[in-house]
Structures are given as structure tokens and as C-alpha cells.
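The values are calculated or read from the model by the stated rules, or taken from the named source; none is laboratory data. All values derive from a computational prediction rather than experimental measurement. A quick note on method: Cβ atoms are made from the backbone with ideal geometry, for glycine too, and the neighbour counts reach across all protein chains shown. Accessible surface areas use protein heavy atoms only, side chains included; no ligands, DNA or RNA. Shrake-Rupley method; radii C 1.70, N 1.55, O 1.52, S 1.80 Å.
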Amino acid sequence: MKKYNRMLAFSVILYMILAVLAGGIFLKAERTNDKEYKVEINRIRKSLSEEKNLDKLDLREYRYIKKVVYLEPDASEQRYEDFFQEKGRNQIEIMPAYKDGKAHGFLRFEYVSSKDDSMKGFLLMESALGILFISSLGVLLYLKYKLIAPFYRMSELPGELAKGHLKTEIKEEKSRFFGRFIWGISQLQDTLDVTRKRELDLMKQKKQLLLSLSHDIKTPLSTISLYAKALEKDVYHGEEEKKHAAHQIGEKTLEIEKYVEEIMKASKDDVLDIPINMGEFYLADLVKKISATYREKCALRMVDFEIGPYENLLLRGDMDRLWEILENLFENAFKYGDGRRIKVEFYEEDYCQLIRVFNTGEPVSDNDFNHIFESFFRGTNSSGKKGNGLGLYICREIMHKMDGEIFAQKEEEGMSFVLVLR
């Protein structure tokens with residue numbers, strides 16, 4: 001903000017300097033050009049001395065002299081008074097007239113001074129500079145109070161949210177430029193706050209579940225330990241008793257396995273808890289978003305990008321979540337593909353809309369192919385690449401919550417993923 005204020009001050013000072021310089025230049029020109037009318041007077045006197053006839057004088061050739069009047073030596077007193085009296089807006093210059101080298105009457109020259117033209121030009125230029133300055137200053141002040149000042153007040157908001165200060169007060173902005181931005185930041189703050197609370201609740205529930213399961217496991221474990229000690233100390237004498245003890249150990253082992261499965265399931269369960277807002281949207285809107293986002297990205301990466309033909313159907317689902325899936329598939333294509341080609345196709349099958357995203361590259365192995373939608377699974381081709389193995393798992397969960405499906409296909413030139421919207 002301080003730099004911007006300096007720029008405003010610099011604009012004012014620059015205008016003042018230009019105005020002073022312009023005034024100096026015009027004043028200098030005025031002093032130089034103020035005597036130009038005398039040059040024309042001398043030309044006229046010379047012409048009259050040669051032609052000796054005022055009627056033949058053409059004043060259109062002269063810029064400053066507007067009228068020439070001759071006064072005879074024997075003119076009346078009233079004529080003399082009228083001759084020497086200054087009338088109208090023009091200025092006058094009276095000089096003796098010569099005939100045959102002798103003074104013979106007077107000549108009155110009515111002229112306009114170049115000073116008037118200079119002053120008009122000076123005022124016109126100063127007015128133009130003033131209007132330009134005021135308009136420029138108005139634009140700068142508008143930018144300051146409508147854009148820069150609100151942005152300066154909001155500049156710390158993202159940092160506060162990143163630090164986890166989700167209770168930071170977000171003041172409303174009257175500026176129409178930032179109203180929607182503030183609304184988005186406020187929505188982001190609310191979403192982060194809700195997500196944090198949901199995550200804490202989920203962690204609490206999981207902790208309680210793990211404590212409960214851990215407690216429940218103690219019962220079959222103590223039973224197994226009891227039968228094992230009995231067998232070790234040869235408490236049972238008959239074969240039937242020993243078989244019963246072994247059977248009980250096996251039963252309790254199965255019971256423990258169930259508890260372990262529940263613990264594993266709880267550890268994998270939806271930490272994400274992705275909310276879905278079902279609605280309707282047109283396929284053309286989704287395609288337009290794909291093209292606007294990834295056509296340029298592919299061009300920068302030198303990847304051939306192609307979007308197949310489609311019909312603008314009305315689809316049911318959550319467009320934002322569907323876009324999240326497509327983003328994941330495109331990023332995987334960039335990360336694991338060979339960078340030659342990415343193609344998006346659309347077709348219908350069994351009253352469902354299918355979206356196929358294909359990228360060239362080496363397909364995953366058969367073993368990895370069977371697990372690519374599992375949580376925290378990373379294939380052998382992911383070595384040295386960042387990731388957590390949740391991307392495709394999240395994609396499948398979202399599609400299932402939208403009553404859809406996603407499946408993968410191994411092809412000769414690469415991999416393709418197909419989204420099924422019902």
C-alpha cells in the first residue's frame with residue numbers, strides 16, 4: 001500500500017512539473033512570436049509604397065493584420081478623432097504614410113496579437129493535461145479503494161486458514177469485485193471447520209471402537225491361554241477332552257480373527273466421509289470444463305489431447321465430485337503415462353452415460369490390476385512417484401455414492417478408466 005501511495009504522489013508531482021514546463025515553453029514562444037504582426041506591417045507599408053494604392057491590398061495573405069485605414073492630411077477634426085480611437089477587439093498600430101519619400105497622412109493597422117493564439121493554445125493544453133490528470137488520478141484512487149485496499153485487508157486470510165485458525169472473522173466487502181471471493185473464502189472456512197469436526201468425531205469413534213475390540217479380544221485370548229496351559233500340563237487324560245480343548249482353541253482363534261478383521265476394516269474405513277450433493281447437470285458443461293482446464297496443460301506437456309463427440313445430455317449426479325474424479329484420472333495419466341496421448345470419449349450403453357479416459361503408456365501388471373481400487377495400494381510402477389494410494393479408492397467411493405461405477409481396462413497401448421453414470 002505504501003508503494004501505491006508513493007505512486008499517487010509521484011503522479012501529482014509529475015503533473016505539476018509538466019504543467020510548469022508547458023507554461024514555460026508557451027511563455028517563451030509568446031515572447032518570441034509577439035512581434036510577428038510588425039513584420040506584416042512593414043510588408044504592407046513596403047507594398048503600399050510600391051503600388052501606391054490601398055484598394056489593391058489583399059489582406060488574406062496576412063495572418064495578423066485585419067484592416068488598414070488611410071487618413072489624409074487634410075481630413076476633418078472628427079475624422080482625426082475617429083481615426084485615433086481604438087474600436088472593437090483588435091489592437092491598433094498607427095504609423096505615418098509616405099508618398100514620394102515624404103510623410104503624407106497616416107496609416108492605421110488593426111491587428112490581432114500572436115499572444116492571443118499562444119494563450120488559447122496554452123489554456124487548451126493545460127485543460128487537456130488537467131483532464132488527463134484528473135481522470136488518471138480518479139482511476140488510481142478507484143483502484144486503491146475498490147481493489148488494492150480490500151485485497152490488502154484480505155491478504156492474511158489464506159495464511160490464517162493454512163495455520164488452522166478457522167475461527168478468524170471474515171469481514172464482508174462491499175466491493176463487487178471481491179464479494180464473491182470473500183463468499184468463497186467464507187465457504188472454504190466453514191467446510192474446513194466442518195471437516196475438522198467430522199475428522200475429530202471419526203477419530204474419537206475409531207478410538208472407542210479399537211478400545212472396545214481390544215477389550216473383547218481379551219476374553220478369547222484368556223480362554224486360549226487357559227486351554228493351552230491345560231494341554232501343556234497334561235491336565236486332560238482322555239482323547240475326547242484333548243480334542244475338545246483343541247476345538248475350543250480353534251473357535252476362539254476364529255473369534256479373534258473376526259475382531260482383527262473389524263480392526264482392519266475400521267482402520268481403512270472412510271476417514272474421508274465424502275459428502276455428495278446429487279443434482280442434475282448438462283454434459284456440455286462438463287466437457288467445456290475439461291477442455292478449458294486440460295487442453296492447455298496437455299499442450300504445455302506436448303501431449304496429444306483429444307475429446308470425442310458427444311450429445312448434450314442431462315445427467316444426474318454431483319458435477320463437482322465427478323470433476324474431482326476426472327482430475328484424479330488426468331493427473332494419473334500425466335504421472336504414469338508415457339506422455340504421448342490422452343483421449344476422452346463419451347458413449348451410451350444400457351441407458352447409462354459412459355465417460356472413458358484413455359492414456360498411452362505401459363499397463364499395470366496383472367497382480368497390480370486386481371488391487372488398483374483398494375485403499376493405500378500403490379503399484380510397482382509407482383516407485384519414486386509421490387502418492388498415498390488413495391486416489392482411485394476415493395474415485396470408486398464417490399462413484400458408488402452417486403449410484404455409479406468406475407472400472408479399469410488394460411489395453412495394448414495403455415490404460416483406460418470408464419465412469420458409468422446411471
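For the reader, a short list of remarks on this structure follows.
- Approximating the spin labels as points 7 Å out from Cα along Cα→Cβ, the Thr219-to-Asn370 distance works out to 3.6 nm.
- Rounded FRET efficiency, nearest 0.05, which uses the C-beta distance separating Arg180 from Gln409 and R0 of 35 Å: 0.30
- Accessible surface, per residue, of segment 227-381 when the full set of protein chains is kept, probe 1.4 Å, Å²: 63
- Segment 347-422 - percent of accessible surface contributed by carbon and sulfur, probe 1.4 Å: 47
- In the assembled protein chains, Leu200 presents an accessible area of approximately 100 Å² (probe radius 1.4 Å).
- Among the listed pairs Lys229/Lys252; Lys56/Lys99; Lys386/Lys410; Lys146/Lys288; Lys335/Lys410, those whose Cα-Cα separation exceeds 20 Å are Lys386/Lys410; Lys146/Lys288.
- Rolling a 1.4 Å probe across all protein chains gives Glu349 an accessible area of roughly 100 Å².
- Positive-end extreme of charge dipole, segment 375-422 - chosen from Cys395, Gly384, Phe407 (charges on Cβ): Gly384
- Cross-link pairs beyond the 22 Å C-alpha cut-off, checked among Lys258/Lys401; Lys197/Lys289; Lys206/Lys258: Lys258/Lys401; Lys197/Lys289
- Only protein heavy atoms count here; under a 1.4 Å probe, Glu296 has an accessible surface of about 120 Å².
- Between Asp338 and Tyr351, full extension at 0.36 nm per residue minus the direct alpha carbon distance yields a gain of 1.3 nm.
- Here the calculated FRET efficiency for Arg295 and Val39, from their Cβ-Cβ distance with R0 = 41 Å, stands at 0.05, rounded to the nearest 0.05.
- For the peptides 371-382, 332-343, residues were scored by their other Cβ atoms within 10 Å and the scores averaged per peptide; the highest-first order is 332-343, 371-382.
- Sorting Arg60, Arg89, Arg422, Arg198 by accessible area puts them as Arg89, Arg60, Arg422, Arg198; the probe is 1.4 Å, largest comes first, and only protein heavy atoms count.
- FRET efficiency estimate (nearest 0.05) - Cβ-Cβ, Arg196 to Lys288, R0 51 angstrom: 0.90
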